[in-house]
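Take a look at the following structure, please.
The values are calculated or read from the model by the stated rules, or taken from the named source; none is laboratory data. Just so you know, these numbers come straight off a predicted model, no measurement behind them. Glycine gets a Cβ as well: all are built from the backbone with ideal geometry, and neighbour counts include every protein chain shown.
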Amino acid sequence: MSDNGKTRLADSAIPERAVTKIDSTQEPKTPQRVLCVNAHPDDQEFTVGGTVAKWARAGAEIITVVITSGDAGSNEHTPADMTKTELAALRETEQRNASAVLGVRETVFLRYPDGTLQPTLDLRRDLTRLIRKYKPDVVVCGDPTTRFFGNSYMNHPDHRAAGDATCDAVFPSAGTKFIFSELLAEGYMPHEVSRVFLHGSEKNDVWIDVHETLEIKVRALKQHVSQIGSWDPSEMMQEWAREEGKEKGLDAAEAFRVMVLKEDKTSEDSAREANHILADAKM
Ligand SMILES: [Zn+2]
């Protein structure tokens, strides 16, 4: 290839990859169907509970996916005589209760072991199956590239593995027919997700105002009794929401990095499509 050719290729490829399609000045419209994927019971409530509650109340259909059943628990609140199996069952019940408070339609558990999660092909296939089954326009998961938060919390390896496998399932697996072609035999056809909302990111570009649903988020969190005991998370959640909203002048927000994989149809696109259909019908 000539130097000229290289330059042309670079010019056409790189700007598209680097382009930002996010309008950070306004909140995105409510998605229709959301698949919210996290590693542990309570991850969803801590990170995106306000957003999930807001979208559910605005009519979005939310499916919660929990990859492990949290059977490693936390040493502090796990009774000494409790088995892993008992703890997993208890935590699934707590998650279902929390999901119900948020307004989630269905909660799915994949029952991978807690504490040793890896972004394996098996996990990617399982998540691809769920994306093809539920056909979400938006997938929510943790940012897998976040290794450290400040200088006191190292991101849990399960969180990173969950985010990684979810992003890989969204693209390219879910939309590509011949990746995991065994899923076709199960009846799961390709599906393209429009947007991925990554929480726990260091590069936020979308803010969801959650001041009206913060109380619901706290109520959902309180369902995870085996993890938080009688501790009231209200103050901490208000503080987190204030911190996340600060940059946008919001009292309470949850912030995301959003990947736009498919552009929304504009009203002009829809009108044009309708005209085509009309013209076809007349022929
Ligand atoms: Zn977690």
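Would you point out the residue of the stretch 144-155, among those that are within 17 Å of the chain's Cα centre (by Cα) and either closer than 17 Å to Cys36 by Cβ or away from the ligand (no atom under 16 Å from the Cβ) (or both), that is surrounded by the fewest Cβ atoms within 10 Å (Cβ to Cβ)? Lay out the reasoning, then the answer.
Step one: filter the stretch 144-155 for residues within 17 Å of the chain's Cα centre (by Cα), giving 144-146, 155.
Next, from what is left, pick out any that are either closer than 17 Å to Cys36 by Cβ or away from the ligand (no atom under 16 Å from the Cβ) (or both): 144-145.
Working: Pro144: 21, Thr145: 16.
Per the criteria, the residue is Thr145.
Condition first: away from the ligand (no atom under 15 Å from the Cβ), outside any strand (DSSP E or B) and free of Cβ contacts under 8 Å to residues at least 24 places away in the same chain. Can you find one or more residues in the stretch 43-54 that meet it?
no
If only one of Ala58, Ala72, Ala100 is at pLDDT 85 or above and either within 16 Å of the ligand (Cβ to nearest atom) or under 15 Å from the mean Cα position of the chain (by Cα) (or both), which one is it?
Going through Ala58, Ala72, Ala100 in turn, just one is at pLDDT 85 or above and either within 16 Å of the ligand (Cβ to nearest atom) or under 15 Å from the mean Cα position of the chain (by Cα) (or both): Ala72.
Could I ask something else about it? Every residue in the stretch 156-181 that is more than 16 Å from Ile67 (Cα to Cα), surrounded by 16 or more Cβ atoms within 10 Å (Cβ to Cβ) and of a type in the set (Ser, Thr, Tyr), please.
Residue satisfying the conditions is Ser173 alone.
Now for a different question. Asp81: acidic (Asp, Glu), free of Cβ contacts under 8 Å to residues at least 60 places away in the same chain, in a loop (DSSP other than H, G, I, E, B) and within 14 Å of the ligand (Cβ to nearest atom), yes or no?
Numbers: acidic (Asp, Glu): yes; free of Cβ contacts under 8 Å to residues at least 60 places away in the same chain: yes; in a loop (DSSP other than H, G, I, E, B): yes; within 14 Å of the ligand (Cβ to nearest atom): no.
No.
Next up: Across the stretch 207-231, what is the total count of residues that are in contact (Cβ under 8 Å) with a residue 60 or more places away in the chain, of a type in the set (A, V, I, L, M, F, W, C) and more than 20 Å from Ala100 (Cα to Cα)?
Selection size over the stretch 207-231: 2.
For the subset of the stretch 122-157 comprising residues that are part of a loop (DSSP other than H, G, I, E, B) and among the polar types (S, T, N, Q), which member is nearest to Arg195 (Cα to Cα)? Walk me through it before giving the result.
To start, the set of residues in the stretch 122-157 that are part of a loop (DSSP other than H, G, I, E, B) comprises 135-137, 143-147, 150-152, 155-156.
With the extra rule that they be among the polar types (S, T, N, Q), the set shrinks to 145-146, 151-152, 155.
On the way: Thr145: 17, Thr146: 19, Asn151: 30, Ser152: 31, Asn155: 23 Å.
Per the criteria, the residue is Thr145.
Return the only residue of Arg124, Arg160 being within 14 Å of the ligand (Cβ to nearest atom) and under 15 Å from the mean Cα position of the chain (by Cα).
Working: Arg124 fails: within 14 Å of the ligand (Cβ to nearest atom).
The match here is Arg160.
Turning to a different aspect of this structure: What's the number of the only condition in (1) of a type outside the set (Val, Ile, Thr); (2) farther than 30 Å from Ala89 by Cβ; (3) more than 16 Å from the chain's Cα centre (by Cα); (4) surrounded by fewer than 18 Cβ atoms within 10 Å (Cβ to Cβ) that Glu202 fails to meet?
The single condition Glu202 does not satisfy is (3).
Only one of (1) closer than 30 Å to Met236 by Cα; (2) at pLDDT below 85 is not met by Lys21, so which one is it?
Single failed check for Lys21: (1).
Any residue in the stretch 31-38 that is polar (S, T, N, Q), more than 16 Å from the ligand (Cβ to nearest atom) and either touching a residue at least 24 places away in the same chain (Cβ under 8 Å) or more than 23 Å from Asp232 (Cβ to Cβ) (or both)? Full working, then the answer.
Initial filter on the stretch 31-38 (polar (S, T, N, Q)): 32, 38.
Pick out the ones that are also more than 16 Å from the ligand (Cβ to nearest atom) and you get 32.
Subsequent filtering for residues that are either touching a residue at least 24 places away in the same chain (Cβ under 8 Å) or more than 23 Å from Asp232 (Cβ to Cβ) (or both) retains 32.
Yes - at least one qualifying residue is present in the stretch 31-38.
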